[in-house]
Ligand SMILES: Cc1cc2nc3c(=O)[nH]c(=O)nc-3n(C[C@H](O)[C@H](O)[C@H](O)COP(=O)(O)O)c2cc1C
């Protein structure tokens, strides 16, 4: 059975981000996948310290030296066939914890000897904005840069705003349902 991870990044456990994560999980389960949902706000991990002169051990060893749950979360991503990553939009950007997580993951994977461990993973990125909607596209742009840096070809990038919730939640569910059967073009 395919294993998928749904990562949400919002401290609001009943908000738009959580609804997007639940819609994705529903679609993945409809596709017959085993799904684990993780909210980054249930974990406490450090930002990247930029060890040494800027290139830490993570570049070669693909692990963060900090003694916190980041490595455990990275292992979940690497053990899954794919991930749906949903962040709330804060300050026109991904939430701080979402940015910290992706920054550390990039440190560990983008230049990994032997190639990025993310390049054969299926990813769906979602940015959920509950205010003006400003920043939804900036978030997706950052996700695209992350994907390129990590040699990934994500399945899709979806923007959701408070006003588009009604038609975007079914779209997220449908995207998640289709993602497992999709094959890379490369
Ligand atoms: C610190 C902070 C900054 C925010 N910045 C933005 C923003 O730049 N654009 C926007 O549309 N909404 C913004 N919002 C609203 C969130 O996107 C809103 O809470 C949204 O519903 C996120 O999902 P949630 O329901 O899971 O919290 C912000 C909220 C907070 C708490």
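The values are calculated or read from the model by the stated rules, or taken from the named source; none is laboratory data. Fair warning: this is a prediction, and the values are worked out from it, not measured in the lab. Cβ atoms come from the backbone with ideal geometry, glycine included; neighbour counts cover every protein chain shown.
Assorted remarks:
- Restricting attention to segment 99-141, the residues that are within 11 Å of the ligand (Cβ to nearest atom), under 13 Å from residue 17 (Cβ atoms) and at pLDDT 95 or above total 6.
- Subset of segment 48-72 [part of a helix (DSSP H, G or I) and either free of Cβ contacts under 8 Å to residues at least 40 places away in the same chain or loosely packed, with under 15 Cβ neighbours inside 10 Å (or both)]: 60, 61, 70, 71, 72
- Considering residues of segment 142-163 that are surrounded by fewer than 16 Cβ atoms within 10 Å (Cβ to Cβ) and either within 14 Å of the ligand (Cβ to nearest atom) or touching a residue at least 60 places away in the same chain (Cβ under 8 Å) (or both) only, the residue nearest to residue 84 (Cα to Cα): 162
- Segment 1-46, subset within 15 Å of the ligand (Cβ to nearest atom) and in a loop (DSSP other than H, G, I, E, B), residue farthest from residue 95 (Cα to Cα): 14
- Only one entry of 90, 49 meets the criterion of being within 16 Å of the ligand (Cβ to nearest atom) and either on the phi < 0 side of the Ramachandran plot or in contact with a strand residue (DSSP E or B) (Cβ under 6 Å, 6 or more places away or on another chain) (or both), and that entry is 90.
- Counting the residues of segment 100-141 that are closer than 22 Å to residue 51 by Cα and either assigned to a strand (DSSP E or B) or in contact (Cβ under 8 Å) with a residue 40 or more places away in the chain (or both) gives 15.
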